[in-house]
Amino acid sequence: MYSYSQLLMRNIILGMFFNILIVAMVSYFFASSLSSRQLMMQSSISAIIDIADKSNQLEQVENLINLADFQFFSLQKESKEIVNYKIASTNMLVPYISPKTVVFTNKSNTSVSYQINTVQAAALILKIMLVSILTSLVIIVIACTLSVRHAKKLVFVVNKKIKHGIAQVISMNKLEADDEILDIPELTSGLKKVAALLSSHVNDASALEKQAYIEPLTKLENRNRFIQFFANDENQVEFGVLAITRCSELQTINQIHGYSEGDNYICKVADIIKGVTATYRGANVYRLNSSDFATLLPNVTLKEAENLANEISSKFNAYQQSSDLDSVGYTGLVYFEKDKPLGELLALADTGISIAQTQQINSWFSQSDNDILHSSSANYGNQNWRQEIDSVLENQRVKLLVQPIKPNSRNNKVYGEILARFLNSTDEMLPTASFIAMAEKLDKMVAVDKMIIEKVISEIKAKNLHDQFFGINISARSIHDEHFLIWLERRLLKESTIAAKLIFEITEYGLQQNIKTSKRFIDMIHRVGSRITVERFGVGLTSFKFFRDLKPDFIKMDSTYTRDIDDDKNNQYFIRLMVDLAHRLSITVLAESVESQEEKFTLEKLFIDGCQGFYLGKPEAI
């Protein structure tokens, strides 16, 4: 839009062109009129001169002709100048509108030259030009003023129209006509385009928000949204209860059944928690990480939340029985107020989970002692676990299961893998993954490995299983422990017959931690007649030169390579390559987490020696 000064300048320029055009047209009109008049005067002048010439009165011509009508008049006879009249004019328009000088000679050989007077016409043209300029200036000023007012009014109307349209766009309503607002089709069309663009951006923003705050598997809000809830200063929740539920069997299910079953397990747990919390007003469930869910119960007391925990525990028990699981999940409850730091709440809830895991299966614990983090009982959860682990070790409360590895041909000799399950004082199953993790944390893992080995040996003796082969998992900490190596060698030498039936499984990562002690461990195992399996093979970066030097008897491919192998050409190529190299070193290759006929058939075509998975055989009591 033009400013006032711009409009004024534009209109002045247009006025100048207009006035020039007016002056040119008027000048042309006067010039034409004067030229015609000048030609018409020729006959009259000629007649007067003829009469004067006959009467020998040419000198009196200037008395007979009104010289004021002429700008120039000249009369000559026989080269004698009789009349020479000429007036000077300062009007700049005179040369432009004056007609050409008329020159003629009559019958008496008298020469006449004249040019009509145009001074008055030029003066009139100047007056017309002045009036035109003044009129144009007045019109220009009035037009500029009206244009600015009109522009302001139009801007106001357009602004109002845009606000009206944007308001409807933001509210995501269909654009509607407003009778009080000027209808501008182009603007309405533009607003519709803006609405479409905004709608597209809103959809994109919603998709990004979904990615940022929604966990894709369970469709629950994720940890980012959970943290945002506590970071929001405008939060109206003054108090409530935070419940953290930990899925205790996720790691085991992923390793044994595969990640697909693990996802189903997580979704089922999420459905149970959502179903129970649905009756609590304002309650919300979040997935914090792979195995932990957070439930926020705003404006609820700890006693009321315990009813929710009981209901969750009851549904977990029902799910456990129907799904043949050792446990489902454990819950820690903690009361919070608005100003309570989130870090403290999570620490208290985690302590509650640790305590709950040492109690009944799928139980919960309400952490009401808020000073526990600052007192001498800061490791209360750890102490509970220490007592529980010590109790298991002292009373040998371990239950052994065996899951078979099926050979893919009669010539392949494989074994059954021992799976340990730990029991509390009431013979209820403790969460295996948590038990192992806490045993590692509390430096009890070597003792746990010793207990399992002793239990396997005693079971083989008691049940006369000398014709079977068993695989025992050994922790990385144990194989790098000097005292454990001495104890194990002596124990296996003492039970040489049984030692020949044992295969010790160690992870590839565990071997890499200390290659020197790993070689000593494998050499010792081979000396006593036992064998070695490197499990979870393919996760690390171990070279085959390393395996050639260590000489393991088996390698067990990690489940990330065997899962959905029938659809994964890259993994098929990798496994085929590993099988060829391993067989050249006389190493037997096994596959775990085989959960379908298609996977088994594909692995057989790749010359895998044996397969393990729930599809082929579930863990059973030894």
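Structure summary
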quantity	calculated
Selection status of Leu342, within 27 Å of Ser425 (Cβ to Cβ), open to solvent by 10 Å² or more (accessible area, probe 1.4 Å) and at pLDDT below 90	no
Lone qualifier among Thr252, Thr245 - being at pLDDT 80 or above and either within 30 Å of Leu616 (Cα to Cα) or charged (D, E, K, R) (or both)	Thr252
Enumeration of residues in segment 47-102 that are at pLDDT 70 or above, buried (at least 16 other Cβ atoms within 10 Å of the Cβ), hydrophobic (A, V, I, L, M, F, W, C) and part of a loop (DSSP other than H, G, I, E, B)	Leu93
Some residue of segment 406-419 being buried (at least 18 other Cβ atoms within 10 Å of the Cβ) and within 44 Å of the chain's Cα centre (by Cα)	yes
Considering residues of segment 345-374 that are among the charged types (D, E, K, R) and in a loop (DSSP other than H, G, I, E, B) only, the residue modelled with the lowest pLDDT	Asp371
Top-ranked residue of segment 604-622 - restricted to ones that are touching a helix residue (DSSP H, G or I) at 6+ places or on another chain (Cβ under 6 Å) and either of a type in the set (Lys, Arg) or open to solvent by less than 40 Å² (accessible area, probe 1.4 Å) (or both), ranked as nearest to Val402 (Cα to Cα)	Ile622
Criterion violated by Ile460 - all others in (1) open to solvent by 20 Å² or more (accessible area, probe 1.4 Å); (2) of a type in the set (Val, Ile, Thr); (3) more than 56 Å from the chain's Cα centre (by Cα) satisfied	(1)
So Ala283, is it free of Cβ contacts under 8 Å to residues at least 40 places away in the same chain, open to solvent by less than 40 Å² (accessible area, probe 1.4 Å) and within 34 Å of the chain's Cα centre (by Cα)	yes
Residue list for segment 463-473, restricted to those being open to solvent by 10 Å² or more (accessible area, probe 1.4 Å) and under 25 Å from Tyr509 (Cβ atoms)	Phe469, Asn473
Test: residue in segment 481-497 that is buried (at least 18 other Cβ atoms within 10 Å of the Cβ) and in contact with a Leu (Cβ under 7 Å, 6 or more places away or on another chain)	no
Output for segment 385-396, where each listed residue is surrounded by fewer than 20 Cβ atoms within 10 Å (Cβ to Cβ), over 48 Å from the mean Cα position of the chain (by Cα) and at negative phi	Asp390, Ser391, Leu393, Glu394, Asn395
Selection from segment 446-473 of residues that are out of contact with any helix residue (DSSP H, G or I) (no Cβ under 6 Å at 6 or more places or on another chain), assigned to a helix (DSSP H, G or I) and small (Gly, Ala, Ser)	Ser458, Ala462
Residue ID - least open to solvent (accessible area, probe 1.4 Å), chosen from residues in segment 521-540 that are touching a Ser or Thr at 6+ places or on another chain (Cβ under 9 Å), free of Cβ contacts under 8 Å to residues at least 40 places away in the same chain and part of a strand (DSSP E or B)	Val534
Every residue from segment 422-456 that is open to solvent by 20 Å² or more (accessible area, probe 1.4 Å), closer than 18 Å to Gln359 by Cα and in contact with a strand residue (DSSP E or B) (Cβ under 7 Å, 6 or more places away or on another chain)	Leu423, Met429
Segment 76-95 residues that are over 19 Å from Val26 (Cα atoms), paired with ones that are β-branched (Val, Ile, Thr) (beta carbon under 6 Å, 6 or more apart)	Lys77/Thr110; Val83/Val61; Ser89/Val119
Segment 570-589 residues that are within 16 Å of Phe554 (Cα to Cα), paired with ones that are β-branched (Val, Ile, Thr) and open to solvent by 20 Å² or more (accessible area, probe 1.4 Å) (beta carbon under 7 Å, 6 or more apart)	none
Enumeration of residues in segment 499-520 that are in a helix (DSSP H, G or I) and at pLDDT below 95	Glu508, Tyr509, Gly510, Leu511, Gln512, Ile515, Lys516, Thr517, Ser518, Lys519, Arg520
Any chance Ile565 is in contact with a helix residue (DSSP H, G or I) (Cβ under 9 Å, 6 or more places away or on another chain) and under 30 Å from Lys494 (Cα atoms)	no
Identity of the residue in segment 302-329, part of a loop (DSSP other than H, G, I, E, B) and at pLDDT below 90, that ends up surrounded by the fewest Cβ atoms within 10 Å (Cβ to Cβ)	Asp324
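The values are calculated or read from the model by the stated rules, or taken from the named source; none is laboratory data. Note that the structure is predicted; figures quoted are calculated from it, not measured. Every residue, glycine as well, gets a Cβ built from its backbone with ideal geometry; the counts of neighbours run over all protein chains shown. Accessible surface is based on the protein model in full, side chains and every heavy atom, while ligands, DNA and RNA are left aside. Shrake-Rupley method; radii C 1.70, N 1.55, O 1.52, S 1.80 Å.
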